[in-house]
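To keep things clear, I will list the structure first and then write my remarks on it.
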Amino acid sequence: MPLTKGFAISIVALILGLLMAFQFRTHQLPVTVIPTDRAQALTQELKELHKELNALSVEANDLEAKLLKAQKGVEEARAALDNEITKNNMLAGLVPVKGPGVELVLRYAPQDKPSTHLFTLRDEDLLRVVNELRAASAEAIAINDQRIVDITEIRLAGSYINVNLTRIVPPYRIVAIGNPEELRKMLEMPDGVVPTFHDWGIDVELKTVDEIEIPAYQGNLEKRFARPATKGGGA
């Protein structure tokens, strides 16, 4: 059946309208559309990155905690070392110390007294006092401000006594830090140094003190020949 002119024009107009509508719809859609499988892959990758970030954060916190612990350990070790050095210096007599103890002063009796001194104090007499004090657990001893340490020499030099190579003269003031009563009992025990000095005509003054200060050793402790021995006795 032949198409009329009006019908043909209507068909063409409809086709043009459809084309225009399709073109307008195309311009409204996004230019790029991500495929579904690609979107899923990116989502999974993002999850993995978050997981790795959390793991790194946990590791960083753990390392920070270990660093703080290590710093604390170093500080504690340094404090322990300082305490040990101080303790060893005290034992070696290299630092001044103070504490309770006794003070013993030995003088020759004045010549105008009836009981003039019959005996001159010698180095071994002072050494005997030191030994008695050590036996009573004295922690520090000094004679006329000369600190007594392991290498101290108390020797007679002519008419004088040398302590740590320093000349000392009467009166001899001997001080010791320790339990005051124990130190006093040791010096006053029968046949001890105090009764003996009294018998010799020496003027003895002994008293306990709540606190007394003893100076540090001023001599040289350097070892010229001795050195630490290695394990097994080798050099």
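The values are calculated or read from the model by the stated rules, or taken from the named source; none is laboratory data. Remember, predicted model here, so these are calculated numbers, not experimental data. A quick note on method: Cβ atoms are made from the backbone with ideal geometry, for glycine too, and the neighbour counts reach across all protein chains shown. Areas reflect the complete protein model, heavy atoms only, side chains present, ligands, DNA and RNA absent. Shrake-Rupley method; radii C 1.70, N 1.55, O 1.52, S 1.80 Å.
Here residue 76 sits with roughly 110 square angstrom of accessible surface, probe radius 1.4 Å. Solvent-accessible area of segment 88-235 (1.4 angstrom probe, protein heavy atoms only): carbon and sulfur portion equals 49 percent. Heavy-atom accessible area with a 1.4 Å probe sorts 155, 38, largest first, into 155, 38.
Provide the solvent-accessible area of residue 198, counting protein heavy atoms only and rolling a 1.4 Å probe, rounded to the nearest 10 Å². So the heavy atoms of residue 198 present about 100 Å² to solvent. Highest mean first, the peptides 65-73, 221-229 sorted by other C-beta atoms within 10 Å per residue fall in the order 65-73, 221-229.
Using the Cβ-Cβ distance between residue 181 and residue 145 with R0 set to 25 Å, the FRET efficiency works out to roughly 0.50. Please give the FRET efficiency for residue 123 paired with residue 211, using the beta carbon to beta carbon distance and R0 = 30 Å, rounded to the nearest 0.05. Between residue 123 and residue 211 the formula returns 0.55.
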